[in-house]
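The values are calculated or read from the model by the stated rules, or taken from the named source; none is laboratory data. Fair warning: this is a prediction, and the values are worked out from it, not measured in the lab. Using ideal geometry, Cβ is built from the backbone for each residue, glycine included, and neighbour counts are taken over all protein chains shown. Quick note on the areas: whole protein, heavy atoms, side chains included, nothing else; ligands and nucleic acids left out. Shrake-Rupley method; radii C 1.70, N 1.55, O 1.52, S 1.80 Å.
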Amino acid sequence: MSGGGPPRKRNFKIEAFKHRVELDPKYAERTWKVLEHAIHEIYNHNASGLSFEELYRSAYNMVLHKYGEKLYNGLESTMTWRLKEISKSIEAAQGGLFLEELNAKWMDHNKALQMIRDILMYMDRTYVPTSHRTPVHELGLNLWRDHIIHYPMIHGRLLDTLLDLIHRERMGEVINRGLMRSITKMLMDLGPAVYQDDFEKPFLEVSASFYSGESQEFIECCDCGNYLKKAERRLNEEMERVSHYLDAGSEAKITSVVEKEMIANHMHRLVHMENSGLVNMLIDDKYEDLGRMYTLFRRVPDGLSTIRDMMTSYLRETGKHLVTDPERLKDPVEFVQCLLNEKDKHDKIINVAFGNDKTFQNALNSSFEFFINLNNRSPEFISLYVDDKLRKGLKGATEEDVEGILDKVMMLFRYLQEKDVFEKYYKQHLAKRLLSGKTVSDDAERSMIVKLKTECGYQFTSKLEGMFTDMKTSQDTMQDFYAKKSEELGDGPTLDVHILTTGSWPTQPSPPCSLPPEILAVCEKFRGYYLGTHSGRRLTWQTNMGTADIKATFGKSQKHELNVSTYQMCVLMLFNTSDGLSYKDIEQATEIPSTDLKRCLQSLACVKGKNVLRKEPMSKDISEDDTFYFNDKFTSKLVKVKIGTVVAAKESEPEKQETRQRVEEDRKPQIEAAIVRIMKSRRVLDHNSIVSEVTKQLQARFLPNPVIIKKRIESLIEREFLERDKADRKLYRYLA
């Protein structure tokens, strides 16, 4: 071992043989003959007698000695000859044996190709890449394609046979799917182009023609539901066909053909089909047919929009008829119930048949919003519906049922463009329920207010909540009044006062009527107590909103307790001192406004079973020439008799105008506030932008009219909140 330093490198040198290797001139020819014989034997199924090791070595040596080209060309010509022979055998096969013979020969060729590739592996790895020739296996496939598949006597016959078998299967015959699978797989193995050009393209063309004719035949003799069933079945059959014996890539193409020919080309005719189209399906709740239509139409361009547009058109037309039908408008509760039923019906259709598709839900919502707002009484009617439910409609209902009904009402409420009009009516109806003690459940009332608050914010419900606060405060006040004044009051009439905060309640200035002296005395004592307890306040009696319980004795000493309005009490108390009074006498004594007095007298004298007064002459209506008498002959099975006031469930035309006017007045400050808010942040803005921004801000409560917005802008300019730009009159500037 030497000391330090790297080990020395040895240099190798490769030299040529000292003497030339001489090859037998006939070596290549002799070796090829051996290999050629082996190839024929393989094709003749005699491969078992061959030594693959020797054959491999022979092929190896030929390539090594630069005879690769001879070997490759020999292989190509031998295989070509064999395949030409095979093509004659396939051509000779008759009828149904044609495909079987083709398939059998294809299997043989594949096996032979595998063995040949193994023998010529060295050539495949060395000579083929360097000479840029086709690999052995691929060469075998190309030759099969050129000499078998593209052989004129086979090519057309093969395509016709395949298409005929598919047609027969479409017509209900059973075919050999395994054989079909082998043939189509062969075409794919020869290259996607072979499968597509020699089979798939003609297959799709023939299919298009077949389904075009069949769809025309079906649409002439079937209704919409049956046609869709047939289309669905055909679509499923084609998908099944692909899974059994066609290439997976064909699925999208063949389904596209069926969709175009059977669905897209007849879409409009199907949805409009008389007595069975989309509208009839919607009317008859045909969930299965609708679901099938949705599933099929979603597969084609504009399919779903065709259904959606038709559904929207139908909904708007139906809804328009519903909200403008004079018969339906007679009963507001029934009117709203019809709307809810329609909504439930179509919600279920969208959920069950249309997979809860959001675009269909949006179409449904926009349709309802469209037709509900065609009737400007919708806010009033929805409030009346809630009023009906919270008075009596929810008696005995579970908490879940109550929530369900209120949620449905809120759904309609969201469609209203004039939510402030609803608020006005709701406040009136809530006031009547609270003051008459007719609400079915405080929890239900509060739940409704919470829902309104969630939907529209605190401002929307603050006054409604104030009404509940007043009711609670009034209870406490009355307890304190009787605790302190019970001795002073003695055995006089019992008074129960609701103190209503002006602004929270829908009170209207109403001239107080002349109360009976007994009642007036108690009222004055309460006034003295209340103003003594709360300084700086004013009390105004709202006699038009009160009720009373009075005891009455009729003929044969029959006693009843009558539950009446304050106005009715004032009228009845007059008959303690008089048996008969004319209309003029009553009007003068009570000072009740004429309209209210007529309603009051009508309910006391003209309602069967409640007629504690008698009217002469007898008629349904009250005239100023009528005379009224105490009805001694009044009888009732009930000890307590409630006498309601004859009043329309809906507002009369003048009342409606008055409410509308109050709503318009209330909107003015809201529009002005929105304009000022916008201008404060933007400083300078053109007219159209202001209108657009104001509408955007206020649409949660109502849709402001551009004309009104313009008037409010003018008003703000007059009061120097804004000014017009001197150069551009359409621009407004905010004045700090």
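Just the projected area, averaged over all directions, of the convex hull on the alpha carbon atoms of segment 333-419: how many nm²?
On the way: hull surface 23.6 nm².
Approximately 5.9 nm², given one-decimal rounding.
Rolling a 1.4 angstrom probe over the protein chains, ignoring ligands and nucleic acids, what is the accessible area of LEU434 in square angstrom, nearest 10?
Its accessible surface works out to 20 Å², give or take rounding.
When the solvent-accessible surface of protein heavy atoms is calculated with a 1.4 angstrom probe, in what order do SER209, SER378, SER48, SER436 fall, highest first?
Listed by decreasing accessible area, they come as SER48, SER209, SER436, SER378.
Mean shadow of segment 83-173, computed from the convex hull of its alpha carbons, in nm²?
7.1
Quick check: the distance between the Cα centres of segment 212-257 and segment 428-484, to the nearest angstrom?
64
Let me check I have the definition right: for segment 559-614, take the eigenvalues of the Cα gyration tensor, multiply each by 5, take square roots. What are those semi-axes in whole Å, largest first? It would help to have the intermediate numbers written out before the result.
Numbers: eigenvalues 55, 35, 24 Å².
Semi-axes (√(5λ), whole Å): 17, 13, 11.
Tally up the carbon and sulfur contribution to the accessible surface of segment 17-149 as a whole percent, 1.4 Å probe, everything protein left in place.
On segment 17-149, the fraction of accessible area on carbon and sulfur atoms equals 53 percent.
Please report how far the C-alpha centroid of segment 307-328 lies from that of segment 662-736, rounded to the nearest whole angstrom.
Cα centres, segment 307-328 to segment 662-736: 36 Å.
Divide by every residue of the chain the summed helix terms, -39500 (n - 2.57) for each DSSP H run of at least 4, and state the resulting mean residue ellipticity at 222 nm, rounded to the nearest 500 deg cm²/dmol.
-20500 deg cm²/dmol
Is any helix in the chain, taking whole DSSP H runs, at least 20 angstrom long along its axis by alpha carbon and on average at least -0.5 on the Kyte-Doolittle scale, and which ones?
97-119, 152-170, 201-221, 303-324, 332-352, 358-372, 399-415, 517-533
How big is the gap, in Å, between the Cα center of segment 75-117 and the Cα center of segment 175-195?
Cα centres, segment 75-117 to segment 175-195: 15 Å.
Using the Kirkwood radius over C-alpha pairs as Rh, can you work out the diffusion coefficient of segment 154-301 via Stokes-Einstein at 37 °C, viscosity 0.692 mPa s, in µm² per second? If you can, show how the numbers build up before the last one.
Numbers: Rh = 16.4 Å.
Once the numbers are plugged in, D ends up at 200 µm²/s.
For segment 502-634, what's the radius of gyration and Dmax over Cα atoms, in angstrom?
Just the Cα atoms of segment 502-634 yield Rg and Dmax of 16.4, 52 Å.
Using the per-residue mean of other Cβ atoms lying within 10 Å as a proxy for protection, in what order, highest first, do the peptides 577-583, 408-414 fall?
408-414, 577-583
Under 14 Å from the 7 Å Cα→Cβ point of SER436, by amide nitrogen: which residues of segment 595-622?
Correct set: 600, 603.
Just for the Cα atoms in segment 560-712, what are the lengths along the principal axes, largest first, rounded to whole Å?
77, 32, 24
When only Cα pairs under 8 Å and 6 or more residues apart are kept, what is the percent relative contact order across the chain? It would help to have the intermediate numbers written out before the result.
Working: 709 pairs, mean separation 46.0, N = 736.
Once normalised by length, the contact order is 6 percent.
Using the alpha carbon gyration tensor of segment 17-149, what are the three equivalent-ellipsoid semi-axes (square root of 5 times each eigenvalue), largest first, in whole Å?
32, 15, 12
How many nm is it between the label spots at GLU53 and SER623, if each spot is 7 Å from the Cα in line with the beta carbon?
About 13.6 nm separates the two model spin labels.
If you keep only loop residues by DSSP, which GluC sites (Glu not before Pro) in segment 133-187 have at most 11 other Cβ atoms within 10 Å of their Cβ?
GLU173
Can you tell me the dipole magnitude for the chain around its Cα centre, using point charges on the Cβ only (Lys, Arg +1; Asp, Glu -1), in Debye to the nearest 20? Each step should come with its number before you reach the end.
Values: 109 positive and 111 negative charges, 469 e Å.
Around 2260 debye, computed over the chain.
Using the scaling law 2.2 N^0.38 Å as the reference, what is the normalised Cα Rg of segment 308-469? If you can, show how the numbers build up before the last one.
On the way: Rg = 16.1 Å, N = 162, 2.2 N^0.38 = 15.2 Å.
For segment 308-469, the normalised Cα radius of gyration is 1.06.
Would you mind working out the magnitude of the charge dipole of segment 546-642 relative to its Cα centre, with +1 at each Lys and Arg C-beta and -1 at each Asp and Glu C-beta, to the nearest 20 Debye?
It comes to approximately 700 debye.
Rounded to the nearest 0.05, what FRET efficiency do ASN280 and LYS230 give with R0 = 30 Å and r taken as the Cβ-Cβ distance? Could you check?
For ASN280 and LYS230, the calculated efficiency is 0.95.
Stick to the Cα atoms of segment 656-734, pair each with every other, and give me the Kirkwood hydrodynamic radius in Å at one decimal.
Numbers: mean 1/r = 0.0778 Å⁻¹.
Radius from the Kirkwood sum: 12.9 Å.
Output the Kirkwood hydrodynamic radius of segment 462-516, Cα pairs only, in Å rounded to one decimal.
13.2
Compute the normalised compactness of segment 401-487: alpha-carbon radius of gyration over 2.2 N^0.38 Å, N being the residue count.
1.30
Measuring from the lowest to the highest alpha carbon on each principal axis, how far does the chain reach, largest first, in angstroms?
Taking the Cα atoms of the chain, the three principal extents are 156, 86, 65 Å.
Could you rank the peptides 724-731, 602-609 by their average count of other C-beta atoms within 10 Å per residue, with the highest value first?
602-609, 724-731
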